[in-house]
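Heads up, the thing below is written out as structure tokens.
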Amino acid sequence: MPPKVRVTRQAILNAALQLVRQKGPDALNARSLAGSLGCSVQPVFREFSSMQALRTAVVQSAQQLFDAEMLAALGGPDGFLGMGMTYIGFAAREKKLFQLLFMNGGFGGASASQVAGTTQGDDEVLAALQGMTGLDAARAQRLYTGIWFTTHGIASLVATGDCTMQQNEVRQTLQTVFTGLLAALRQETEKGED
């Protein structure tokens, strides 16, 4: 009978995620992970074909955590504003995971319109924005992009520790930017501008 597996794939993934949470993605290597698990590197490579495969799994796990928070926020009492607050809150609470997901060059130099509103789940957000504001699809996309610039900028500053913001300050900033952009986009609509 083969020996019982003592260190499972899930245990390795959980430990790797915790290591990245505490020390950042650059700290993830087979030795440090094995040390945190109290084992040799053998179980790591038994469960994952390479460190790249493990890193990919860690990114997927981090993305699942983030997505769950964002979906809960969209369905919450603050709706779209809640999503922005949650995005920034995630950056404040999970600095290293936020950096892993959103500050690693993963956007590949794409334009803002190619990034904002084009990720998984954004179709629902854009549809909700259209319903909430009465804007057409193109203007809802522009509103989303403008809000994303603001939200991501604040979140990046918070995640790197370059600044802090109180919840009420974040809320007020996001509401002001949203109101201003919405007014400008509605004015365009009234004037018949494309």
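A 1.4 Å probe run over the protein chains yields, for the chain, 56 Å² of accessible area per residue, whole-number rounding. Which angle from 0 to 90°, rounded to the nearest 10, does the C-alpha axis of helix 9-23 make with the longest principal axis of the chain? With rounding to tens, the tilt is 60 degrees.
Rolling a 1.4 angstrom probe over segment 45-104 with all protein chains present gives an accessible area of which 57% lies on carbon and sulfur atoms.
Entry note, the chain: the mean residue ellipticity at 222 nm calculated from DSSP H runs of n ≥ 4, each adding -39500 (n - 2.57), is -23500 deg cm²/dmol after division by the residues and rounding to the nearest 500. By the rule of a C-alpha distance below 12 Å, with chain neighbours fewer than 8 residues away ignored, the aspartates and glutamates paired with LYS23 are GLU94. Against the chain, whose longest principal axis is taken from its Cα atoms, helix 51-74 shows a tilt of about 40°. Helix 122-133 axis versus longest C-alpha principal axis of the chain: approximately 30°, rounded to the nearest ten. In the assembled protein chains, SER32 presents an accessible area of approximately 40 Å² (probe radius 1.4 Å). For segment 142-194, the fraction of 1.4 Å probe accessible surface lying on carbon and sulfur atoms is 51 percent.
The values are calculated or read from the model by the stated rules, or taken from the named source; none is laboratory data. In this text the structure is predicted, and so the values were computed from the model without any measurement. In case anyone asks, the SASA skips ligands and DNA or RNA and just uses the protein heavy atoms, side chains included. Shrake-Rupley method; radii C 1.70, N 1.55, O 1.52, S 1.80 Å.
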